[in-house]
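Scroll down for the structure; my scribbles are underneath it.
The values are calculated or read from the model by the stated rules, or taken from the named source; none is laboratory data. Bear in mind the structure is a predicted one, so any value in this text is a computation, not a measurement. Note that we place each Cβ from the backbone using ideal geometry, even for glycine, and neighbour counts take in every protein chain shown. These area figures cover heavy atoms from the full protein model, side chains too; ligands, DNA and RNA do not enter into them. Shrake-Rupley method; radii C 1.70, N 1.55, O 1.52, S 1.80 Å.
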Amino acid sequence: MKTILVTGGAGFVGSHLALRYKAAHPESRVLAFDNLKRRGSELNLPRLKAGGVEFMHGDIRSPQDLLAAGKFDLMLECSAEPSVLAGYGESPAYLLETNLVGTIHCLEAVRLNGAGIIFLSTSRVYPMETIGKLAYGESDSRFVLAPGQTVAGTGPKGFSEAFPLEGVRSLYGTTKLASEMLLREYVHAYGIPGVINRCGVLTGPWQMGKVDQGVVVLWVARHFWKGKLSYIGYGGTGKQVRDVLSVEDLFPLIDHQAGRLDQFRGEVFNVGGGLETSLSLSELTAMCRQATGNSIDIASVPENRNADIPYYITDNTKVTTATGWKPSIAPYTIIENIARWIRDNEDSLKPILS
Ligand SMILES: NC(=O)c1ccc[n+]([C@@H]2O[C@H](COP(=O)([O-])OP(=O)(O)OC[C@H]3O[C@@H](n4cnc5c(N)ncnc54)[C@H](O)[C@@H]3O)[C@@H](O)[C@H]2O)c1
């Protein structure tokens, strides 16, 4: 019987992976480990229980807490302060202590257990300035990457792992890149089987979207409750583009990697929705209107805010070639699923999302 320790296991990604892993491998023991820092993560506790996932209140900043989790075979590392705005205009202490020092504790727990690790990293490891300086055209609803880019790893399908890493990337992105580097050293020094997935925007039901993180859910929720929204930055017209990956689509990849950790030892993959599941904010607005039946006025703030980028689309070529995995859920289906989840759980979600 295998034991899977899911750090951040009450969070959006962690709870989904924990529940799906337990459902796919009922013989395994799945332990969700979380300090419940993220508002709304507590709503996942009954879901975890109902799905046969154990829960332990613990903090990755504490090696003792990780020790108390007991023996495990595989860690899915999903705990983080996941906001790209974290640390700006405030102390970076929590971000650094969780996303960086906490990773060290996680890697030590993995080493001491002779376990494997799948690390959820981010596309935010790629520097903002390089992304911002690429040549873009404009359609009516979105920015479009101009053809003939000269920056490595940039092409019609988006950004690949060859995108240059030199430059400032946000405090959040730096904690993730530093964590990746340490993980790869642990792979090299101790032979631990570890894999890194640099994810673009992930979304779906049970994401507790807020202004600084989880924008797709925030957008649907603000439409649902007729709240306030603004297009911030890049002229304030909502043309900035991201690819979105449904968390439902992420699990098959994680499960595939978990079953073949030796094959992927030390590998880094860009993982995202790709060009076909990309959206601009203004296109997202149109989908939210359709899915909720509500229209709201959206304010315009032309000035850019900290750590923003106009465009990010994942080139999934490496991960698809290595694993056969590719995303399957279209953006409007994702938006509809989120709208249905909000409607079905209106009372419990309102204090958190509205
Ligand atoms: N959601 C995205 O769009 C996205 C994109 C790329 C990468 N990621 C990465 O995926 C992982 C999961 O993100 P998410 O979207 O589920 O975020 P989330 O905030 O929903 O989940 C993170 C969980 O970690 C917990 N946590 C925070 N600090 C902790 C600590 N010190 N000890 C133990 N638990 C702690 C929180 O309570 C929360 O439940 C993160 O590593 C994030 O950086 C997320």
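Where in region 1-82 are the helices (runs of 4 or more DSSP H), entirely inside, with at least 3 residues that are in contact (Cβ under 8 Å) with a residue 24 or more places away in the chain and within 11 Å of the ligand (Cβ to nearest atom)?
Fully inside region 1-82 and qualifying: 12-24.
State all residues of region 105-121 that are among the β-branched types (Val, Ile, Thr) and either within 20 Å of the chain's Cα centre (by Cα) or under 11 Å from Cys78 (Cα atoms) (or both); if no residue qualifies, say none.
Ile117, Ile118
Report yes if Val216 is open to solvent by less than 40 Å² (accessible area, probe 1.4 Å), of a type in the set (A, V, I, L, M), within 12 Å of the ligand (Cβ to nearest atom) and part of a helix (DSSP H, G or I), otherwise no.
Values: open to solvent by less than 40 Å² (accessible area, probe 1.4 Å): yes; of a type in the set (A, V, I, L, M): yes; within 12 Å of the ligand (Cβ to nearest atom): yes; part of a helix (DSSP H, G or I): yes.
Yes.
Name the residue that is most open to solvent (accessible area, probe 1.4 Å), counting only residues in region 14-27 that are touching a strand residue (DSSP E or B) at 6+ places or on another chain (Cβ under 6 Å) and over 12 Å from Phe55 (Cα atoms). Give the derivation first.
Of the residues in region 14-27, the ones touching a strand residue (DSSP E or B) at 6+ places or on another chain (Cβ under 6 Å) are 14, 17-18, 21-22.
Imposing the further condition that a residue be over 12 Å from Phe55 (Cα atoms) reduces the set to 17, 21-22.
Values: Leu17: 1, Tyr21: 20, Lys22: 39 Å².
Only one residue fits best here, namely Lys22.
Is it true that some residue in region 259-281 is within 12 Å of the ligand (Cβ to nearest atom), among the acidic types (Asp, Glu) and surrounded by fewer than 21 Cβ atoms within 10 Å (Cβ to Cβ)?
No, because not a single residue in region 259-281 is within 12 Å of the ligand (Cβ to nearest atom), among the acidic types (Asp, Glu) and surrounded by fewer than 21 Cβ atoms within 10 Å (Cβ to Cβ).
From the list Val168, Val110, exactly one residue is more than 20 Å from Ser41 (Cβ to Cβ), more than 12 Å from the ligand (Cβ to nearest atom), modelled with pLDDT of 95 or more and open to solvent by 60 Å² or more (accessible area, probe 1.4 Å). Which is it?
Selected residue: Val168, the only one of Val168, Val110 that is more than 20 Å from Ser41 (Cβ to Cβ), more than 12 Å from the ligand (Cβ to nearest atom), modelled with pLDDT of 95 or more and open to solvent by 60 Å² or more (accessible area, probe 1.4 Å).
Could you grab me the full set of residues in region 56-73 that are buried (at least 21 other Cβ atoms within 10 Å of the Cβ) and either among the acidic types (Asp, Glu) or in contact with a strand residue (DSSP E or B) (Cβ under 7 Å, 6 or more places away or on another chain) (or both)?
Correct list: Gly58, Ile60, Phe72.
Looking at region 316-341 only, could you name the residues that are part of a loop (DSSP other than H, G, I, E, B) and either closer than 13 Å to Ile254 by Cα or modelled with pLDDT under 95 (or both)?
Gly324, Trp325, Lys326, Pro327
Mind checking which residues of region 171-213 are open to solvent by 40 Å² or more (accessible area, probe 1.4 Å), in a helix (DSSP H, G or I) and of a type outside the set (A, V, I, L, M)?
The answer is Thr174, Arg184, Glu185, His188, Tyr190.
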